[in-house]
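Enquirer: Input: one structure, supplied below.
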Amino acid sequence: MSVIAAAPAATHTPLEPDVTRLPARTTVSRTTASRTTASRTAVFHPAVSLTAVALAAAGALSLAACSTTTTTTTTSATGPAASSSALGEGFLAAGRVPAPESTVSPAPGSWSAVHPPSHYEVVLLSDQADAEAGRVDPADGRAARTLAAAVASWAAAEDVSLTRVVAADPDDRVAAVARAVDEHPDLVISVGDDMVDPLAAVSPSALHQQFLVLGAEIAEPTSNVTAADWTGGGFRGEGLGPSSHHDPSTFTPERAGRALRAGVAAVLNDLTGIVVWVR
């Protein structure tokens, strides 16, 4: 009986992937109803497709731009959130459907009956520089921190799941927007002027994701970007004139809270791609 020797296995060199995944080391902290806190550190990879879009939009990101960011998820100790309700009288002019990119000025309190549904998930997007002392304009940092505190307070009151995504440095801002989208939240809320341009770069390629810009605007928003603003806010991006005189002193907790609730009410009622101007 003859023996046939097996042919040696062909060698194969794997092809390089078309897209490089950017690893991001993320610290996740969760607060339970008993107010005990457990922390863990995990490494995750953002979705390839959206990260690739973010890289293209940035135009300068590379593997060296991989950085450390902090993500914190909190859930309040209150009961389930109420279901979304209809807008009150005066939120819109009678019989008016706002056109894309238009501005509406709702009557004060016309959003008060609107609440997020149960299990609503929000990502709070911000820049690390806004939390640091000694930045070029400390007033802008204080304004962004006031907005972030308003979002955290609202989330606790409404029993909303809140995840924080923070850009570690200017080169990480576009990638941070992509990471926020990769969390698959119901809404991404952006605070701070530094995140306006990165969000404008990424949002057109993430039309499935709803964004709310608090205390600023995007000059030409797509249908998935809504802004909540007021006189004294109105930053629209580098090199563009603000929609009103920019005054960081107008960023008070009370005004930030009103604008946030009005903006969320608009999103929950499918009034998106507009500017909600709070009086």
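Just so it is clear, none of the values below were taken in a lab; they were calculated from the coordinates. Treat the numbers as computed from the prediction; the structure is a model and nothing was measured. Virtual Cβ from ideal backbone geometry, glycine too; neighbours counted across all protein chains shown.
Enquirer: Residue 231 versus residue 269, label points 7 Å from Cα toward the beta carbon: distance in nm?
Expert: Computed distance between label sites residue 231 and residue 269 equals 2.4 nm.
Enquirer: Determine ³J(HN,Hα), in whole Hz, for all residues of segment 161-166 in sequence, where each value follows from phi through the Karplus function 6.51 cos²θ - 1.76 cosθ + 1.60 and θ = phi - 60°; x replaces Gly and Pro.
Expert: The phi angles translate into 6, 10, 10, 9, 10, 10 Hz.
Enquirer: Once you put a point 7 Å from the Cα of residue 171 and another 7 Å from the Cα of residue 247, both along the Cβ direction, what distance in nm separates them?
Expert: Distance between the two pseudo-spin positions: 4.0 nm.
Enquirer: Another question, then. Let's see if you can work this out: charge +1 on each Lys and Arg Cβ, -1 on each Asp and Glu Cβ, no other charges. What is the dipole magnitude of segment 167-279 about its Cα centre, in debye to the nearest 20?
Expert: Numbers: 7 positive and 16 negative charges, 98 e Å.
Result for segment 167-279 is approximately 480 debye, rounded to the nearest 20.
Enquirer: Which ³J(HN,Hα) values, rounded to whole Hz and listed in residue order, are derived for segment 107-121 from phi using the Karplus coefficients 6.51, -1.76 and 1.60 in 6.51 cos²θ - 1.76 cosθ + 1.60 with θ = phi - 60°, glycine and proline given as x?
Expert: Computed from phi, the couplings for segment 107-121 are 5, x, x, 5, 9, 4, 8, 9, 9, x, x, 4, 6, 6, 10 Hz.
Enquirer: Quick one: Kirkwood hydrodynamic radius for segment 183-229, alpha-carbon pairs, angstrom, one decimal?
Expert: 10.5 Å
Enquirer: Place a point 7 Å from the Cα of residue 142 along the Cα-to-Cβ direction; which residues of segment 246-279 have their backbone N under 12 Å from it?
Expert: Of the residues in segment 246-279, 248-253 have backbone N under 12 Å from the label point off residue 142.
Enquirer: Quick check: residue separation of residue 110 and residue 254 times 0.36 nm, minus the Cα distance between them. What number comes out in nm?
Expert: So the extension gain works out to 50.2 nm.
Enquirer: Cβ neighbours within 10 Å, averaged per peptide: list 207-215, 271-279, 122-130, 88-96 in order, most packed at the top.
Expert: Top to bottom by mean Cβ count within 10 Å: 122-130, 207-215, 271-279, 88-96.
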